[in-house]
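Worksheet for the structure shown next.
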Amino acid sequence: MDSSYPALLAGAIFVLILLSAFFSSSETGMVALNRYRLRHLARQGNRAAIRVEKMLKRPDQLLGVILIGNNFVNNAAATLATLLGLYLFGELGTALAPVAITILMLIFAEVTPKTFAALRPEKIAFPASLILRPLYIPFTPLIWLVNGIGNALLKLLGVNTEKQRSDHLSAEELRTVVNEAGGLIPETHQRMLLSILDLEKATVEDIMIPRNEMVGIDIEEDVGDIIETLRSSQHTRLPVYRGDPGNMVGILHLRKMTRLLLREEINKAEIIQHAVEPYYVPEGTPLHQQLINFQNVKRRIGVVVDEYGDVLGLITLEDILEEIVGEFTTDLAASSDEIHPQEDGSLVIDGTAHLRDINKALNWELPTDGPKTLNGLILEHLENIPDSNTSLRIGDYLLEIMQVKDNMVKAVRARHISMLKNQ
């Protein structure tokens, strides 16, 4: 036998190991590609991305080409390794060859190339597509045969091979993507994106201005008092009602009243004339839907009503936008009129403070699926109107009632349970 025979076998095995590494890395690289980045690159006109995206639309054909090619070269390498072992070591070589070729394949054709492809999928998948695409033609009959048998077996197992896998993300999956973006998205933008996703979890009732805190114009009051309210108001829009907010007349834009305020005399009829019809909002409307509703009706303020039509409060476009961008301050606890930090580390909180505002300001997790205010949460928990100096624990929070007035908890001293453990 020619003396160059073992060298030719070794060379052929080396080439086959390289081909096996190519097919293995191609398979991992194609699967590990970020589909959203791939779609983005394809829309930008990247030819390699367009080619790979088309190939991934039929994963059965792509995997068929890769696996057929990989099995061919692996079996050929094993056969040549056996021949080389037989030539060099006789019958002993036929036993050693499978062990040796398996180790070589694992290191150089499986673990190493697949690990690299998993870390750098685009560097592998994009160039590999130039070679894999032409292989579709000679392998087509075999691909049809193999995929046909494979799909038939899957149907026996109840798997619908015709149904395409959806690449759409759910809200929670999108939230995970935003959280895991790290430095790719500025922290401020991350918070805003997450806040947008949170809009569907809250309703207008959660952030509305309660009826008892509404600032408006009672058209039955003295004209002088009404004018004083108009001149001193910090709001650009005010509700107008007769005697009670439940008897709503309209919404008055103060910009329309500028000229009237310069006059010496103003009558109530002119004020009513400048008020626009109220825009009513059901209390259970999700915030993301209400944002769209404000845009559709071209309004910036709505009157929140319950299922019986009774007025509960006001919701403004600015309130919803603040849910997205946050308050215009970096320290909510320090700037809030409802939350007052104490020297001992505790917090004195107004009983009318909204639980969502407290949670956002302090990064707490007070329950918000029931009452909306701290007063309501305490009354629900105790099931009666407590006396001052009453203490209770809700979850990880210790609450000491400091003041009760008009059947309401007015002030509460609050601590997180961890504060006691550290003392």
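The values are calculated or read from the model by the stated rules, or taken from the named source; none is laboratory data. Predicted model only: the values in this text are computed from it and were never measured. Neighbour counts run over all protein chains shown; Cβ positions are idealised from the backbone, glycine included.
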Inset, instruction - Name the single residue, out of those in segment 128-143 being over 17 Å from residue 73 (Cβ atoms) and surrounded by 14 or more Cβ atoms within 10 Å (Cβ to Cβ), that is nearest to the chain's Cα centre (by Cα). - result: 129
Inset, instruction - Select from segment 197-227 the residues that are within 17 Å of residue 324 (Cβ to Cβ) and surrounded by fewer than 17 Cβ atoms within 10 Å (Cβ to Cβ) and list them in ascending order. - result: 197, 198, 200, 201
Inset, instruction - For segment 326-335, state whether one or more residues are modelled with pLDDT of 85 or more and outside any loop (DSSP other than H, G, I, E, B). - result: no
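If I filter segment 336-359 down to residues being part of a helix (DSSP H, G or I) and crowded, with 20+ Cβ neighbours inside 10 Å, which single residue comes out as nearest to the chain's Cα centre (by Cα)? Working first, answer last.
Step one: filter segment 336-359 for residues part of a helix (DSSP H, G or I), giving 355-359.
Then keep just the ones that are crowded, with 20+ Cβ neighbours inside 10 Å; that gives 355, 357-358.
On the way: 355: 22, 357: 20, 358: 22 Å.
Filtering segment 336-359 for residues that are part of a helix (DSSP H, G or I) and crowded, with 20+ Cβ neighbours inside 10 Å, the one nearest to the chain's Cα centre (by Cα) comes out as 357.
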Inset, instruction - May I ask you to list the residues in segment 34-47 that are touching a residue at least 12 places away in the same chain (Cβ under 8 Å) and crowded, with 17+ Cβ neighbours inside 10 Å? - result: 38
Inset, instruction - May I ask you to verify whether residue 390 is touching a Leu at 6+ places or on another chain (Cβ under 9 Å), closer than 25 Å to residue 204 by Cα and of a type in the set (S, T, N, Q)? - result: no
Inset, instruction - Go through (1) in contact with a helix residue (DSSP H, G or I) (Cβ under 8 Å, 6 or more places away or on another chain); (2) among the hydroxyl-bearing types (Ser, Thr, Tyr); (3) loosely packed, with under 15 Cβ neighbours inside 10 Å one by one and return the number of the condition residue 285 breaks. - result: (3)
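Scan segment 363-395 for residues that are small (Gly, Ala, Ser), surrounded by 12 or more Cβ atoms within 10 Å (Cβ to Cβ) and either in a helix (DSSP H, G or I) or on the phi > 0 side of the Ramachandran plot (or both) and jot them down.
Passing the criteria: only 376.
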Legend entry - Residue ID - nearest to residue 187 (Cα to Cα), chosen from residues in segment 304-326 that are hydrophobic (A, V, I, L, M, F, W, C) and in contact with a strand residue (DSSP E or B) (Cβ under 8 Å, 6 or more places away or on another chain): 317
Inset, instruction - Check whether at least one residue in segment 274-282 is surrounded by fewer than 18 Cβ atoms within 10 Å (Cβ to Cβ), in a loop (DSSP other than H, G, I, E, B) and at pLDDT 90 or above, and report yes or no. - result: yes
Inset, instruction - Please work out which residue is nearest to residue 235 (Cα to Cα), limiting yourself to segment 283-325 and to residues that are assigned to a strand (DSSP E or B) and not hydrophobic (A, V, I, L, M, F, W, C). - result: 316
Inset, instruction - Inspect all residues belonging to segment 87-101 and state whether any of them is among the hydrophobic types (A, V, I, L, M, F, W, C), surrounded by 14 or more Cβ atoms within 10 Å (Cβ to Cβ), within 22 Å of residue 29 (Cα to Cα) and at pLDDT 90 or above. - result: no
